[in-house]
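The values are calculated or read from the model by the stated rules, or taken from the named source; none is laboratory data. Being a predicted model, the structure only gives us computed values, none of them experimental. Every residue, glycine as well, gets a Cβ built from its backbone with ideal geometry; the counts of neighbours run over all protein chains shown.
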Amino acid sequence: MCEYVYENGKKCRLKAVEGSKYCPLHIPYEEGESLMGEEIKNLKDKTFQRRLNRGQSYFEGVYLYDATIKEYRSEKMLVFKNSQIKSLVIEDSEFKGLILINSTVDRVILFHSKIEVLLVKGSTVFGLNVLQVDFSSNISVRDSSVKYLMLNSTQYVGEKAEESYGEKSAKGVVEIAGLRDVRRIGINTRYPLLRKILEEHGVNVSEGGRRTVKVNSLIIRDVSFDAAPRYKRQVRLSIGGFSGNLVLENLDVFGHIEISWSNLKSPEFVHVLIHSNLIIRKSHITVGPTWAMTVLPSLPIELTVSGFMIIEDCHFNNPYAEEVFYRLARTSWERSGDFERADEYYYLEMVARRKARLKARRKGLRKLFDRFEVLFEWLFADLTCKYGTDWKRPILIWLFIVNVLFPVLFFVTKSVQGLSSSLSFLDYEYFSIVTATTLGYGDYHPIGVGRIIASVEALFGMFMWAVFLTVFARKYMR
Ligand SMILES: [Zn+2]
């Protein structure tokens, strides 16, 4: 009889391996190998599969090599506690959940399965891969050492969270908390090695199987990354094709955080420090009014990016949020001395601010006044020179208006008189330039409505020169 004693005091009661005190499941690797050689692998696997087929789903203190579980159906939780497993692959299965407690597993692959719960706690896992999994309650990986964590094509398929007295029941939550030595967390990201690893374990992932990772909340909290100099710079948190509420809390990331193709609902950043860059691409950032009042004001303090910040092709439903994100991006580029990029974000920031002013809740005359102000700002600051970031634009506008628009106006209204009785179009052109530059030689002069047009042109010409000089100086004479 096996002498392994369970935590509850009961004995194992399986038949022991000859020459050992333990059964095939509980015999440690070295002892088994010295007694039986390679044959121990077979025996362990056979015993494990037989126990599984008999409805046993609780494994404590077991030593396993490659445990592969296919098309497993069960109403019970599959539990591994205080166990050592080289690789655990679960494929095409439908069961209540997988629980790993205080165990050491080199690689866990949970693939194409339906579960309620996944819990990893107090364990040491090198690679944890959750791929194409439908879950109906929660996924939680906490207080463990996980080097590579991949969550691809995984969705919450439970009922919509019920709201009672404003308190949401925490269903559909993926929680990654209290992890140590992390090198990479990837949500729906391509990872060149992953395919190879899967193939090694006999898992065939079809090409078309990519889905958005859809959850109510993805919480990544208190994660400490691998600080070994060799891996430090490679540390990454990549999120792609994710939909839900993203909460990043208490993170100190040496490398990058990349978010792309995602729909971030009210993202929260609490004490997040990124030593390299933050890149958000092709994503929608959708926030509610509560978010704008609580999370937004503290965002510049809570989110610190030491490198640069890129926000590309993103859509915001709230101009205040848009303004703050673009401002963070602008200051990051200013810090690094790239004023060209900083200007791009400055322009976006100003446009967002203008939008925010239009959205401001004001009434009556005040609102009308605001609208006019915004219109003027658009006309004089944006249209003429993109808030002082584009010096070519005032020149082009000036050339077009002075050389085409005004000559045509004078020509059509026949409102210029000169020395000769018949004027060619070139004469109108000449008159227009003389007026716009306020030279005023006096050989031609406007009559009738031409006086008004000429006055406007003189004002326009002077204004645009001033704009051009200012913008040019701002750009090149720092
Ligand atoms: Zn045993």
Selected residue (only one of Arg354, Arg330 is closer than 24 Å to Pro267 by Cα, at pLDDT 95 or above and assigned to a helix (DSSP H, G or I)): Arg330
Please go through the range 10-58 and pick out each residue that is within 13 Å of the ligand (Cβ to nearest atom) and among the hydroxyl-bearing types (Ser, Thr, Tyr). Ser20, Tyr22, Thr47, Tyr58
Residue list for the range 69-89, filter: crowded, with 19+ Cβ neighbours inside 10 Å and either away from the ligand (no atom under 16 Å from the Cβ) or touching a residue at least 24 places away in the same chain (Cβ under 8 Å) (or both): Ile69, Leu78, Phe80, Lys81, Ser83, Ser87, Leu88, Val89
State all residues of the range 306-361 that are assigned by TED's automatic domain parsing to the domain that holds Lys265 and among the β-branched types (Val, Ile, Thr); if no residue qualifies, say none. Ile310, Ile311
Condition test on Glu7, is it within 14 Å of the ligand (Cβ to nearest atom), closer than 30 Å to Glu116 by Cβ, in contact (Cβ under 8 Å) with a residue 40 or more places away in the chain and surrounded by fewer than 19 Cβ atoms within 10 Å (Cβ to Cβ)? yes
Take Val146 and decide whether it is surrounded by fewer than 22 Cβ atoms within 10 Å (Cβ to Cβ), among the hydrophobic types (A, V, I, L, M, F, W, C) and out of contact with any helix residue (DSSP H, G or I) (no Cβ under 9 Å at 6 or more places or on another chain). no
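This table checks each residue for (1) closer than 22 Å to Phe472 by Cα; (2) at pLDDT 90 or above.
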| residue | (1), (2) |
| --- | --- |
| Lys359 | no, no |
| Gly364 | no, no |
| Trp378 | yes, yes |
| Leu383 | yes, yes |
| Lys386 | yes, yes |
| Leu419 | no, no |
| Phe425 | no, no |
| Thr438 | yes, no |
| Ile453 | no, yes |
Find the residue count for the range 213-234, including only residues that are of a type in the set (S, T, N, Q) and either within 12 Å of Val253 (Cα to Cα) or modelled with pLDDT under 90 (or both). 2
Return yes or no: is Val105 surrounded by 21 or more Cβ atoms within 10 Å (Cβ to Cβ) and either at pLDDT below 95 or within 16 Å of the ligand (Cβ to nearest atom) (or both)? no
Subset of the range 429-457 [exposed (fewer than 13 other Cβ atoms within 10 Å of the Cβ) and in a helix (DSSP H, G or I)]: Arg451, Ile452, Ser455
